[in-house]
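Scroll down for the structure; my scribbles are underneath it.
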Amino acid sequence: MCAKYDTVIGLEVHAELSTKTKAFCTCDASFGGDPNTHICPVCTGQPGALPIINHEAVNYAIRAGLAFGCDINRYSRFDRKNYFYPDLPKAFQISQLDLPLCVNGKIELSTGTTVRIHQIHLEEDAGKMVHDDYHGQSWADYNRCSVPLIEIVSEPDITSAEEAAEFVSKIALYLKYLNVCDAKMQEGSIRADVNVSLKPAGSPVLGDRAEIKNLNSFRSIQRAIECEIERQTKILDDGGKVVQETRRFDDATGTTSSLRSKENANDYRYFPEPDIMAISFTDEDIEKAKSEIPLLPHERVSKYVNEYKLTDEDARVLTLEKYISDFYDETVAIYPEYKSVANMFLTEVMRRVKETDDEEIPVTAADFAKVCEMADKNTVNRNDAKTIIRYMFEEGGDPMEIAKKNNFIVEEDLSAINDFIDKLFAERQDLVEDYKNGKTSVFGFFMGQTTRGLQGKATPKSIKECLEAKLKNL
């Protein structure tokens, strides 16, 4: 938002669905593989090859639509979107135009903005071009051709680069929780096209927009929008007119450049796909799809706060990633001390998780639950429990065996506690006199020294009780 102009942003988010096979054939839909090894006559558009719809892809798309509050069209069909590009061997893309699967959803942002979802439609992905600028050569890898994806099209309700990044991140998070997309932006499984325009502040008339294609990180989305706002502002300030066009964003320079004039729907010569039958849904189909939706992030936050009595902030952090929330849920299912587990997880596990990009925690929920229980029951002291977790992350192993091997098991030895305290009092008669004279703050010093000196031989609870008894008898 700037003083003279209002920023208007709409997004098209493309998310590849995590099905085993492609949208209209039985080829492997997984990421990677040697170029052109996950292809067949259907996904490469060979004459006479006929597509067959992947029902799981349809179910995934419906599940996403319901999670975002969409209405599900009871009758839906596919269309051909015609254009020529080297990564599209059929010279058309099977998509949906006027009868998509899902319409009229919404997403609430932290700013209070409600972003309306115009539609969610199912389509097939295109292939991938590989360019060798040094030799001046390009190749086409068709492995990605016909991988199923959903396109989530927003209304132009977004007003800033920060809101746009949050919108896409929220979509990515929800799709992970729904188990329909891995949302790995580095692999291209979720990417966004951003439409940006400026209009005079307060005017109801929208300006001409520029579309920035194929943004594959939250940071790129934000930077591209900021760059485009700056570019369009300069054009309008100089009395020029923004041209409706498609642009690309260069991460290295942080600038956008023109690709081509912006196409409209009629440029693609859409017509109904003749080889795929239309889809119809009953109320029972929709209810079944609703029943398959797991707890979503906001629902898990509510559960953690209201049932588990966690703080709002702890609940929010635990649900930032699905694998983190899943691990926490598995742990408390084994050892239902919700706050204790959350505290240990947030201080010891989250710190180590942040040091790696892997969405995998290299210890089992059962072993982590065992460490939490050992700490709570003073089988080991809390600091040693943290050391056990470090060993588990770095070397693996059973927590009890690690504790035994390193002499972490706490053995209550009351005589050792009393002997140590007597020795400490003898060495620090000055502090004993301070305590007698009412300076009770020295208790913390005695407690700390005794705990460190008796590591593994007594629990803090026993040390505290012995200290209180001796000081009372002074």
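Structure above, values below:
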quantity: Candidate set from the range 347-394 (those that are of a type in the set (K, R) and open to solvent by 40 Å² or more (accessible area, probe 1.4 Å)); member that is farthest from the chain's Cα centre (by Cα); calculated: K377
quantity: Matching residues in the range 13-31 - criterion: being touching a residue at least 60 places away in the same chain (Cβ under 8 Å) and over 19 Å from I62 (Cβ atoms); calculated: C25, C27, F31
quantity: Candidate set: the range 75-121, residues that are open to solvent by less than 10 Å² (accessible area, probe 1.4 Å) and of a type in the set (S, T, Y); chosen: the one farthest from V42 (Cα to Cα); calculated: S76
quantity: Strands (runs of 3 or more DSSP E) within the range 126-210 that include 3 or more residues in contact with a helix residue (DSSP H, G or I) (Cβ under 8 Å, 6 or more places away or on another chain) and crowded, with 17+ Cβ neighbours inside 10 Å; calculated: 148-154, 190-200
quantity: Complete set of residues in the range 20-65 that are in contact with an Asp or Glu (Cβ under 8 Å, 6 or more places away or on another chain), of a type in the set (S, T, Y) and within 19 Å of F281 (Cβ to Cβ); calculated: none
quantity: Scan of the range 238-262 for residues that are touching a residue at least 40 places away in the same chain (Cβ under 8 Å) and either over 31 Å from the mean Cα position of the chain (by Cα) or surrounded by 16 or more Cβ atoms within 10 Å (Cβ to Cβ) (or both), ordered by number; calculated: V242, T256, K262
quantity: The range 304-320, subset in a loop (DSSP other than H, G, I, E, B) and hydrophobic (A, V, I, L, M, F, W, C), residue surrounded by the most Cβ atoms within 10 Å (Cβ to Cβ); calculated: L310
quantity: When residues of the range 51-74 are limited to those that are open to solvent by 10 Å² or more (accessible area, probe 1.4 Å) and among the small types (G, A, S), the one nearest to L149 (Cα to Cα); calculated: A67
quantity: Flag if R77 is touching a helix residue (DSSP H, G or I) at 6+ places or on another chain (Cβ under 9 Å), of a type in the set (D, E, K, R) and at pLDDT 95 or above; calculated: no
quantity: Positions within the range 181-225 being of a type in the set (D, E) and over 30 Å from K322 (Cα atoms), in sequence order; calculated: D208, E211
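The values are calculated or read from the model by the stated rules, or taken from the named source; none is laboratory data. Not measured: the values here are computed from a predicted model. For neighbour counting, all protein chains shown are included, and Cβ atoms are generated from backbone atoms with ideal geometry for every residue, glycine included. What goes into the accessible areas is simple: the full protein's heavy atoms, side chains included, and nothing from ligands, DNA or RNA. Shrake-Rupley method; radii C 1.70, N 1.55, O 1.52, S 1.80 Å.
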